[in-house]
1. Name the aspartates and glutamates eligible as straight-distance cross-link partners of Lys126: C-alpha to C-alpha under 19 Å, and not fewer than 8 places from it in the same chain.
2. Over 19 Å between C-alpha atoms is what I'm after, so list which of Lys15/Lys127; Lys15/Lys92; Lys75/Lys127; Lys67/Lys103; Lys75/Lys103; Lys75/Lys116 land there.
3. At 222 nm, what value in deg cm²/dmol follows for the chain if DSSP H runs of at least 4 each add -39500 (n - 2.57) and the sum is divided by all its residues, to the nearest 500?
4. Which label marks the calculated value of Cα extents along the principal axes in Å, given the options (i) 42, 35, 26; (ii) 71, 28, 20; (iii) 51, 29, 26?
5. Give the angle, between 0 and 90 degrees and rounded to the nearest 10, that separates the Cα long axis of helix 3-32 from the longest principal axis of the Cα atoms of the chain.
Amino acid sequence: MTLTETYEYLQRPRKLELSIMRLSLQHDELQTCLLPAAIRYDKDVVQSSPEDKLSEVAAAVLDLEKKIQRLRSQKARMLLEINAAIDKLDDKDAVILTAYYVKRMTMSDVADIIDKSLQHTYRLRKKAVQHLSELM
């Protein structure tokens with residue numbers, strides 16, 4: 001696997017997380033549309049829309065819930081696969097890649113964990129990704 005392909009491989013869960021976040025926002029917005037379409041007093045409609053799209057919105061909300069759940073399962077499988085690949089590396093490389101790509105820590109937090117400068121941590125991450133690409 002080339003270095004670029006390895007970076008893309010490690011970034012897949014983050015990209016999937018963005019898709020999940022976008023769908024969750026859509027889901028939340030549609031769910032607010034499921035509020036009652038009219039104010040009712042003694043079952044008399046005071047205000048209503050000419051067309052009731054409540055069932056369409058409810059179906060769209062359920063569809064989004066299924067998509068989100070499917071993407072979360074896919075992300076979990078990806079993380080397990082990436083963890084298995086990272087486990088083939090030595091401890092120092094594995095700590096850096098796990099912290100950054102799996103736990104989604106910032107590089108400055110990773111630098112604090114390994115007690116190195118930020119620039120040196122970036123170099124170590126690049127070497128770790130190179131080692132991973134050689135193993136794959």
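Nothing in this text is a laboratory measurement; each read-out follows from the coordinates by a stated rule. Keep in mind the model is a prediction, meaning the values are calculated, not measured.
1. Glu5, Glu8, Asp87, Asp90, Asp91, Asp93, Asp109, Asp112, Asp115, Glu134
2. Values: Lys15/Lys127 23 Å; Lys15/Lys92 25 Å; Lys75/Lys127 25 Å; Lys67/Lys103 23 Å; Lys75/Lys103 13 Å; Lys75/Lys116 30 Å.
Over 19 Å apart, Cα to Cα: Lys15/Lys127; Lys15/Lys92; Lys75/Lys127; Lys67/Lys103; Lys75/Lys116.
3. On the way: 5 runs with 96 residues, N = 136.
Only helices count here, giving -24000 deg cm²/dmol.
4. (ii)
5. 20 degrees
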